[in-house]
Structures are given as C-alpha cells and as structure tokens.
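The values are calculated or read from the model by the stated rules, or taken from the named source; none is laboratory data. This is a predicted model, so every value here is computed, not measured. We place every Cβ from the backbone using ideal geometry, glycine too, and count neighbours over all the protein chains shown.
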C-alpha cells in the first residue's frame, strides 16, 4: 500500500516530503546502561523483545510519551511510567 501512495504522489512530491523529514529536529540517542538496563528488565517482566522494550525504556528515561502503532506493544506497555498512546491518539 505505501508504494501505491508514493507512486500517486510523484517524484517531486516524494522528494519534498523527504526534505521535510530531514529538516525535522531529530536526534539519535546512543544506547547506554542508564536506559538499556531498565529496558532489559521491562523485556523480561512484560514478555517483550528487547527491541520493543527499548522503546519503552527510552521513553521512560526521557520522560516522554510513547506513541506506537503496534497493538501488542500498546497493550503490553500499559501501566508504565510514561503515557503510551496509539498513533491515532487513543491514550492508554
């Protein structure tokens, strides 16, 4: 489905969207023990992969809300220290 949307937009539209994405003030968070250790704990306690638990652990570390389209992660992360919401905006 995404490919159909991209084809319907045209090359110039997609290039403009990519430039807009690159202009966002995003940063990378290097993995370190301050949030990875709690992520391991979350993974074992909630039966998540470390990959999924790292999103929860990083959100808790940054004290930032977590938005996800992953229904399993959304339900499994219920009750963590930060708000977890579906990308559609439904808050848990």
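Being surrounded by 10 or more Cβ atoms within 10 Å (Cβ to Cβ) and either under 27 Å from residue 51 (Cα atoms) or touching a residue at least 24 places away in the same chain (Cβ under 8 Å) (or both) is the filter here; which residues of segment 13-33 pass it?
Those that are surrounded by 10 or more Cβ atoms within 10 Å (Cβ to Cβ) and either under 27 Å from residue 51 (Cα atoms) or touching a residue at least 24 places away in the same chain (Cβ under 8 Å) (or both): 18, 29, 31.
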Members of segment 37-57 found to be over 12 Å from residue 80 (Cα atoms) and within 15 Å of the chain's Cα centre (by Cα), listed by number: 48, 49, 50, 51, 52, 54
Report the residue count in segment 41-81 for those that are over 20 Å from residue 28 (Cα atoms) and either surrounded by 13 or more Cβ atoms within 10 Å (Cβ to Cβ) or at pLDDT below 90 (or both). 17
Against the condition in contact with a strand residue (DSSP E or B) (Cβ under 6 Å, 6 or more places away or on another chain) and not in a strand (DSSP E or B), how does residue 59 come out, does it pass? yes
